[in-house]
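Working notes for the structure below.
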Amino acid sequence: MRFKSTTGLAAIVTAAALALTGCGSGSGTGGGGSTNADGKVDGTGKTLNVLVGVLSQYPEQQKQWQSDIAAKFKAETGADVKFETFASANDELTRIQTSVVSGQGPDVYGLGTTFTPTAYATKAFVTLSDDDWKKVGGKDRFNQAALGISGPDKDHLAGIPFVSRPFVMAYNKDILAAAGIDKPATSWDELAAQAKKMTKDGTYGIATGYKDNFDPWKFIWAMSVQAGNPLVDGNKLKMDDPTVKKAYETYFGWLTNDKVVDPAAVGWSNSNAVAAFASGKAGYLMMTTSSSIPTLDKSAIAGKYEYTLMPTIAPGETQSKSDGDAASILSGDNLVVADYSKQKDLAFAYIKLITSKDEQLNYQKIFGDLPANAEALASLTDAKLKPLAEAAAKSKATPFTGAWGDIQLGLLNVTVQSVPDLAAGKVDGSALEQRIKDAQTKGQASLDRASKG
Amino acid sequence: MSTDASHEVRPAVDSAAGRAARTADAAGHSPEHHGGPRRKGLSERNRPLWMLIPGGALMIIIIVVPLLLGIYMSALNLDQYTLRKWISAPFIGVENFVEAVTNSPLLHAVWLSVSYSLLAMVVTLPLGIAAAIATQNAFKGRAVIRSVFLIPYVLPSFVVATVWRTILQPGGIMDEALATVGIHVGLWLNGPQTFWTLVLVQIWASWPFIYLLALSGLQSVDHEVHEASALDGALWWNKLRYVVFPYLKGPLALAFLIGMLHHINNFTLPYVLFGVPAPADVEVLPILTYVTSFQSFRFGLSAAMAFISLVLIAIPLFVYLRAVKLDDAETPGAKK
């Protein structure tokens, strides 16, 4: 009659203990203030805390890079660097919120560009003065386009560009050639037409993931901007503009009308799309970055693919109506320095080191991300990187408002709620309109708060 | 023997309760009261209540203070613009509450949470009882079966959700398997069916908890009772219905309560299964509160939401606790 589940109980206890330790990740505290000695920052005995995202594709290399850079920093300033990492965007948000509230935590943060406006809105990060810019090597050392999402205007910049990760599309040269297409599409209409030609026998014209957490809104944003609607106009959200609906219809239409996307893509994230393209089953891979290079180079289509700019002419148009081509959102990583940091000079010295030409080129070699350092960017000669560099130059920043997070979520949510319709093969126009309207209402409310805040 | 069994099972109950902070509060009452029966000769006046001080202090720090802070936050206009100096964020009274009720999916979320929890509970109860009864009498390999039964319960929610997400993805194992018998269900992880997906996975993950408590109840049925009913010639159904089930009432009432609270508070399962933003059909309370806080940065609004849901859950909980007298030392309700 005895109930023998000691192992079971032990497992429960272990699981609980693991869960608890998972919650309570410790946060180290750095040393006191830093001092200036003849222009050089002396950080002997101090520790700089840096929070960066995990590069899940390159875990070993990232560790190696971190220890190398820490050694260099130590040689230069005498201070140690302690790296902390976050695994996901949600993780990142939580860390930042905790630090903002408690006024302690990392000194330097690596942030995704689209998150920079939200971080700026908290006023918890340093807006760089001219003097501060000098400490990181001067504003001029950076690719000026990359500064586009560092702050609300030229004089209020908090984000220091670290790397650029512009979005492009990849195409399978063989499939395009077999369909008699000599050059990749430059307008969204042309893209759909070409994709139709390529779709047959289990091969699809376009690979994209409708369940991705980011891609959908980037398409909608790009097509809207190219049609002359930057979504945010002062304090007005223009999501109810016809250009937005047209963008959704085009994006969903690939699957429902043109039937140039694998129907399974309703459940795909970006990585599934990369895999489909890598297996040679798709002509175009949309919304990808240089980070797909390692996967593609190891795949069946190694040597058979190339990158190119995504279309810059909005659906139904014959030329771009945007100022600048809006080939990609301005994407990459920014560095920000916490306002509560007691060793800001040390932080700036670190940023100066990792944004120097040599370090940026080294970083590009290991991880593939494009340099934010202008000189380093100009010195890249690899042909494969050319379209990427071009996309970086033709990137356009998303609106710089603290409400952007909500707007982005709203744009994404329209897709999430439309997925069942997509799977059924038809997205009802009025249902779509209603979803866009909901997103408009919520986003506008968020903008209203931003203008008050 | 019956005491032994209840001792062995109680830690499991407590650890389950400990997963959800608020649940622990509710469940924590019963063991304390059981420990102080009158036959030890202690009058209520002489109870060594001071011994509760360490636990009480911890409770205040871990539960009461955050609760009060949460209530205070719900009256602030706290968002990313005011977060940094959050104590001095503008005080806006009940505006957050008004917005939560009139202009947010809160009520829909409450409805979803409660209905999904109830559905999962209604299905897991008979499953758990049946499993407990099936493993009541000794047979070869019973220990193994009992251990296997506990697997879903021992696995962390995150693992359960990740595995199920893989199984249920479009064109995944489940779709393939059903297709071989000619059934095409459609999307599991998006659209209206997500609600049923959530219920299904929750059932899979939580029935062993009912099983565990039902087992504890069965262990407390004395041998004499079995013998007596056998002598009276009771057949299996009559024996179950009139002899065994009354013993299960207490443990199962407790299981129902803890299970419901656990389901309503379950964040990991829907979050990992469906991601954020969640399909509208599974935007349950914890997901809604999370998105409002950590995606939209509306901390004040989400605190108001959390408070409203706390009250909504506390009312039936209070009534229920009263009804089953789990909080009463004199009535042996929880024991039997």
Practice prompt. Consider B:VAL159 carefully, then state whether it is more than 10 Å from chain A (Cβ to nearest Cβ), under 26 Å from B:GLY275 (Cβ atoms), within 24 Å of the chain's Cα centre (by Cα) and open to solvent by 50 Å² or more (accessible area, probe 1.4 Å).
Written response: no
Item to complete: Please work out if A:LYS197 is open to solvent by 60 Å² or more (accessible area, probe 1.4 Å), not assigned by TED's automatic domain parsing to the domain that holds A:SER379 and not β-branched (Val, Ile, Thr).
Response: yes
Practice prompt. Could you look through region A:266-285, keep only residues that are within 22 Å of B:GLY191 (Cβ to Cβ) and either within 21 Å of the chain's Cα centre (by Cα) or of a type outside the set (A, V, I, L, M, F, W, C) (or both), and pick out the one that is nearest to the other protein chains (Cβ to nearest Cβ)?
Written response: A:GLY267
Response to the item:
Considering residues that are more than 18 Å from A:ALA403 (Cβ to Cβ) and in a helix (DSSP H, G or I), the number found within region B:65-95 is 14
Discussion item. Tell me yes or no: at least one residue of region A:132-152 is more than 27 Å from A:VAL337 (Cβ to Cβ) and hydrophobic (A, V, I, L, M, F, W, C).
Written reply: no
Worksheet item: Can you name every residue in region B:98-134 that is at pLDDT 90 or above and closer than 28 Å to A:ALA124 by Cβ?
Response: B:GLU99, B:ALA100
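Can you say whether A:GLY110 is assigned by TED's automatic domain parsing to the domain that holds A:ASP339, open to solvent by less than 20 Å² (accessible area, probe 1.4 Å), closer than 18 Å to A:VAL50 by Cα and of a type outside the set (D, E, K, R), as far as the supplied structure shows?
On the way: assigned by TED's automatic domain parsing to the domain that holds A:ASP339: yes; open to solvent by less than 20 Å² (accessible area, probe 1.4 Å): yes; closer than 18 Å to A:VAL50 by Cα: yes; of a type outside the set (D, E, K, R): yes.
Against the criterion (assigned by TED's automatic domain parsing to the domain that holds A:ASP339, open to solvent by less than 20 Å² (accessible area, probe 1.4 Å), closer than 18 Å to A:VAL50 by Cα and of a type outside the set (D, E, K, R)), A:GLY110 qualifies.
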Discussion item. Just to be sure I understand the filter: pairs with C-beta atoms under 6 Å, separated by 6 or more residues or on different chains, first member in region B:131-154 and more than 8 Å from every other protein chain (Cβ to nearest Cβ) and farther than 15 Å from B:ALA214 by Cβ, second member open to solvent by 80 Å² or more (accessible area, probe 1.4 Å) and modelled with pLDDT of 90 or more. Which pairs pass?
Written reply: B:PRO152/B:TRP204
Worksheet item: If you go through region B:248-274, how many residues are open to solvent by less than 40 Å² (accessible area, probe 1.4 Å) and of a type outside the set (Gly, Ala, Ser)?
Response: 16
Worksheet item: Looking at A:ASP182, A:ASP189, which is the one that is open to solvent by 60 Å² or more (accessible area, probe 1.4 Å), out of contact with any His (no Cβ under 6 Å at 6 or more places or on another chain) and not in a loop (DSSP other than H, G, I, E, B)?
Response: A:ASP189
Discussion item. Pairs needed: first member in region A:377-400, under 24 Å from A:THR114 (Cα atoms); second member anywhere, charged (D, E, K, R); C-beta distance under 8 Å; at least 6 residues apart or different chains.
Written reply: A:PRO387/A:GLU306; A:LYS394/A:ASP325; A:LYS396/A:ASP325
Worksheet item: Does A:ASP174 satisfy being without any contact (Cβ under 8 Å) to a residue 12 or more places away in the chain and open to solvent by 20 Å² or more (accessible area, probe 1.4 Å)?
Response: no
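Provide a single number: the residues in region A:291-304 that are surrounded by fewer than 23 Cβ atoms within 10 Å (Cβ to Cβ) and in contact with a strand residue (DSSP E or B) (Cβ under 8 Å, 6 or more places away or on another chain).
The initial filter retains those residues of region A:291-304 that are surrounded by fewer than 23 Cβ atoms within 10 Å (Cβ to Cβ), namely A:291, A:293-304.
With the extra rule that they be in contact with a strand residue (DSSP E or B) (Cβ under 8 Å, 6 or more places away or on another chain), the set shrinks to A:296, A:301, A:304.
Selection size over region A:291-304: 3.
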Worksheet item: Given the conditions (1) touching a residue at least 40 places away in the same chain (Cβ under 8 Å); (2) closer than 16 Å to A:THR398 by Cβ, which single one is not true for A:LEU147?
Response: (1)
Discussion item. I'm trying to understand the selection: among the residues of region A:63-80, which are part of a loop (DSSP other than H, G, I, E, B) and either without any contact (Cβ under 8 Å) to a residue 60 or more places away in the chain or not assigned by TED's automatic domain parsing to the domain that holds A:LEU335 (or both)?
Written reply: A:GLY78
Practice prompt. Quickly run through region A:148-170 and pick out the residues that are crowded, with 19+ Cβ neighbours inside 10 Å and within 14 Å of chain B (Cβ to nearest Cβ).
Written response: A:ALA158
Discussion item. Here is a check on your reading of the model: is B:ARG298 among the charged types (D, E, K, R) and crowded, with 23+ Cβ neighbours inside 10 Å?
Written reply: yes
Worksheet item: How many residues, within region A:389-413, are facing chain B (nearest Cβ under 9 Å) and within 15 Å of the chain's Cα centre (by Cα)?
Response: 3
Item to complete: Among what's in region A:115-147 and is surrounded by fewer than 23 Cβ atoms within 10 Å (Cβ to Cβ) and in contact with an Asp or Glu (Cβ under 8 Å, 6 or more places away or on another chain), pick the residue that is nearest to A:LYS40 (Cα to Cα).
Response: A:LYS135
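Just to be sure before I move on: is B:PHE209 open to solvent by less than 30 Å² (accessible area, probe 1.4 Å), at pLDDT 90 or above and among the hydrophobic types (A, V, I, L, M, F, W, C) in the structure I sent? Steps first, please.
Values: open to solvent by less than 30 Å² (accessible area, probe 1.4 Å): yes; at pLDDT 90 or above: yes; among the hydrophobic types (A, V, I, L, M, F, W, C): yes.
So B:PHE209 passes the test.
When you scan region A:442-453, how many residues do you find that are more than 9 Å from chain B (Cβ to nearest Cβ) and either open to solvent by 30 Å² or more (accessible area, probe 1.4 Å) or without any contact (Cβ under 8 Å) to a residue 40 or more places away in the chain (or both)?
In the first step, residues of region A:442-453 are kept if they are more than 9 Å from chain B (Cβ to nearest Cβ); the result is A:443-444, A:447-448, A:451.
Imposing the further condition that a residue be either open to solvent by 30 Å² or more (accessible area, probe 1.4 Å) or without any contact (Cβ under 8 Å) to a residue 40 or more places away in the chain (or both) reduces the set to A:444, A:448, A:451.
Result for region A:442-453: 3.
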Item to complete: Return a yes/no flag: does region B:101-122 have any residue that is more than 14 Å from chain A (Cβ to nearest Cβ), of a type in the set (Val, Ile, Thr), surrounded by 17 or more Cβ atoms within 10 Å (Cβ to Cβ) and part of a helix (DSSP H, G or I).
Response: yes
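The values are calculated or read from the model by the stated rules, or taken from the named source; none is laboratory data. The shown structure was predicted, so the numbers you read here are calculated from the model rather than taken from an experiment. Cβ atoms come from the backbone with ideal geometry, glycine included; neighbour counts cover every protein chain shown. What goes into the accessible areas is simple: the full protein's heavy atoms, side chains included, and nothing from ligands, DNA or RNA. Shrake-Rupley method; radii C 1.70, N 1.55, O 1.52, S 1.80 Å.
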